[in-house]
Structure formats: C-alpha cells, structure tokens
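Peer 1: The structure under discussion is supplied below as structure tokens; questions concerning it will follow.
Laboratory data are not the source of any read-out in this text; all were calculated from the coordinates shown. Keep in mind the model is a prediction, meaning the values are calculated, not measured. Here the Cβ positions follow ideal geometry from the backbone for every residue, glycine too, while neighbour counts run over all protein chains shown.
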Amino acid sequence: MRAWWLLMLCAPAWAQEPLAGRALAATCANCHGTDGRVVGQAMPALAGMKAETLLERLTDYRSGRLPGTVMPQITKGYTEEQLRLIAAYFAAQSPVTRARP
C-alpha cells in the first residue's frame with residue numbers, strides 16, 4: 001500500500017470535504033456551468049455565492065417552500081450534509097464577473 005493512500009485513510013473528514021463537495025457539485029454543471037460559472041444568463045451563477053444563502057435555497061427547494069421546475073426533484077436526492085458540502089464548494093469558488101456592455 002502506498003503511503004499517500006494510508007494518509008488519506010487517516011486524514012480527518014474535514015480534509016476530504018472539498019473533494020466530496022466538488023464531486024457532488026459536478027452534477028450542477030449542466031445547468032449552472034463548470035464550478036458554478038454559468039455561460040449566459042439563463043441560470044444563476046453559483047460560484048462565490050455565500051454558503052448560507054445557497055444552502056437555504058437548496059433546502060427551500062427540497063421542502064417545497066421555493067417552487068421550481070427541476071430543482072425540487074434534484075435536491076430531494078441529496079442529504080442535508082451533501083447539500084452543505086455543495087454549498088460550501090460553490091462558496092469557495094471565485095465569483096463570476098460579467099463584462100459590462
């Protein structure tokens with residue numbers, strides 16, 4: 001067994017969260033762009049959004065408090081912890097800056 005693999009097994013959970021968050025957030029790329037940097041303005045950019053704000057919206061979609069087309073169904077497929085990891089991942093990304101016309 002390689003030493004780095006043993007280190008990963010022994011690493012604290014918080015050290016692995018960014019990787020888990022990134023993997024979970026990758027499912028959002030079809031609509032919200034890679035790393036939450038959407039192209040165009042059809043969907044909101046998630047990169048740089050405050051984690052608390054995004055987590056609240058995701059939770060509201062999941063509970064039905066916030067209406068949506070596909071987001072209520074998508075969010076029901078995640079646990080509260082997974083939604084927290086997704087929100088933390090997008091919050092850590094550089095915000096999108098749009099060019100002014």
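Peer 1: For the ranges 25-34, 70-79, what's the packing order if you count other beta-carbon atoms within 10 Å of each residue, average per peptide, and put the highest first?
Peer 2: Sorting 25-34, 70-79 by mean packing, highest first, produces 25-34, 70-79.
Peer 1: Work out, step by step, the length gained on full extension between A29 and A92: first 0.36 nm times the residue separation, then minus their alpha carbon distance; give nm to one decimal.
Peer 2: Contour length minus Cα-Cα distance gives 21.1 nm.
Peer 1: Also, quick follow-up: Can you tell me the FRET efficiency between A20 and L66 if r is taken as the Cβ-Cβ distance and R0 is 41 Å, rounded to the nearest 0.05?
Peer 2: Rounded to the nearest 0.05, the efficiency is 0.95.
Peer 1: Just going by the charge dipole of segment 42-100, with Lys and Arg at +1 and Asp and Glu at -1 on Cβ, which of A45, Q93, S63 is farthest out on the positive end?
Peer 2: A45
Peer 1: Kindly identify segment 44-101 as rounded, prolate or oblate by the Cα gyration tensor criterion: order the square roots of the eigenvalues as a ≥ b ≥ c, call it rounded if a/c is under 1.5, otherwise compare a/b with b/c, prolate if a/b is larger, else oblate.
Peer 2: Oblate, because a/c is 1.5 or more while a/b does not exceed b/c.
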